[in-house]
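For reference, the structure is listed below as structure tokens.
The values are calculated or read from the model by the stated rules, or taken from the named source; none is laboratory data. The structure displayed is predicted, hence computed values, not measured ones. Cβ: placed from backbone, ideal geometry, glycine included. Neighbour counts: every protein chain shown.
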Amino acid sequence: MALMKCPECGQNVSTQARTCPACGYPLKAEQRPMHEQSALQSPHVWGRVARALGAWLVTPWIAKLIVALAVCVLAYFMFTGK
Ligand SMILES: [Zn+2]
């Protein structure tokens with residue numbers, strides 16, 4: 001396990017540490033975008049998708065119509081906005 005200096009307080013902290021134990025500085029902040037990419041594979045995301053799908057199935061048709069209209073308007077502005 002390697003040690004590095006905390007950029008905030010200069011304490012020696014483990015490179016495995018998420019935050020500096022002395023000052024709480026987030027040491028692994030720069031690795032967050034990579035984490036977000038793998039979030040698509042994590043099971044709780046699919047749980048959320050399933051719940052969204054379930055919510056969609058119980059949504060009244062009028063709400064679906066409003067969403068469909070919103071998508072049409074959005075698509076219209078995207079194609080004519082150029
Ligand atoms: Zn620190």
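For region 26-55, which residues satisfy the criterion of being at pLDDT below 80 and in a loop (DSSP other than H, G, I, E, B)? Spell out how you get there, then give the answer.
Taking region 26-55 and keeping what is at pLDDT below 80, we get 28-43.
Result: Lys28, Ala39, Leu40, Gln41, Ser42.
Restricting the search to region 56-67, which residues are outside any loop (DSSP other than H, G, I, E, B) and loosely packed, with under 10 Cβ neighbours inside 10 Å? Before the answer, list the steps.
Our first condition is that a residue be outside any loop (DSSP other than H, G, I, E, B); within region 56-67, this holds for 56-58, 61-67.
Those that are outside any loop (DSSP other than H, G, I, E, B) and loosely packed, with under 10 Cβ neighbours inside 10 Å: Leu57, Val58, Trp61, Ile62.
May I ask you to list the residues in region 1-25 that are near the ligand (Cβ under 10 Å from one of its atoms) and assigned to a strand (DSSP E or B)?
So in region 1-25, the residues near the ligand (Cβ under 10 Å from one of its atoms) come out as 5-13, 17, 19-25.
Lys5, Asn12, Val13, Thr19 - these are the residues of region 1-25 that are near the ligand (Cβ under 10 Å from one of its atoms) and assigned to a strand (DSSP E or B).
Hey, can you tell me all the residues within region 68-82 that are of a type in the set (Ser, Thr, Tyr) and surrounded by 10 or more Cβ atoms within 10 Å (Cβ to Cβ)? Explain how you work it out, then say what you get.
Of the residues in region 68-82, the ones of a type in the set (Ser, Thr, Tyr) are 76, 80.
The one that is of a type in the set (Ser, Thr, Tyr) and surrounded by 10 or more Cβ atoms within 10 Å (Cβ to Cβ): Tyr76.
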